[in-house]
Amino acid sequence: MAYLTQRAIAVLGRANVVIYDALVSQELFDLLPPDCERIFVGKRGDNPALPRPKLISYWWTITARANR
């Protein structure tokens, strides 16, 4: 994980929710806590990417749910 700062690694290690796309490597997932919710928003194959307005709305819903 040479491209991540130590702070980024620490933050990922404490994450409750991660929103990601198809470009994320397994190495990054290995840094996440086992109970971290992982939400895929990218496109893969015939499935289109989540539209940006819907992604932003989803992000706010998750943030509100986490009471942050």
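Taken together, the values in this text are just the output of simple stated rules run on the coordinates, not laboratory data. Bear in mind the structure is a predicted one, so any value in this text is a computation, not a measurement. Positions of Cβ are generated from backbone atoms using ideal geometry, with glycine treated the same way; all protein chains shown enter the neighbour counts.
Of all residues in the stretch 1-39, which are under 13 Å from the mean Cα position of the chain (by Cα), farther than 24 Å from S57 by Cα and in contact (Cβ under 8 Å) with a residue 24 or more places away in the chain?
Once the filter is applied, which keeps residues that are under 13 Å from the mean Cα position of the chain (by Cα), farther than 24 Å from S57 by Cα and in contact (Cβ under 8 Å) with a residue 24 or more places away in the chain, the stretch 1-39 yields L28, L31.
Evaluate the stretch 42-50: report whether one residue or more is at negative phi and under 13 Å from the mean Cα position of the chain (by Cα). Steps first, answer last, please.
Our first condition is that a residue be at negative phi; within the stretch 42-50, this holds for 42-44, 46-50.
Among the residues that remain, those that are also under 13 Å from the mean Cα position of the chain (by Cα) are: 42.
Yes, because at least one residue in the stretch 42-50 is at negative phi and under 13 Å from the mean Cα position of the chain (by Cα).
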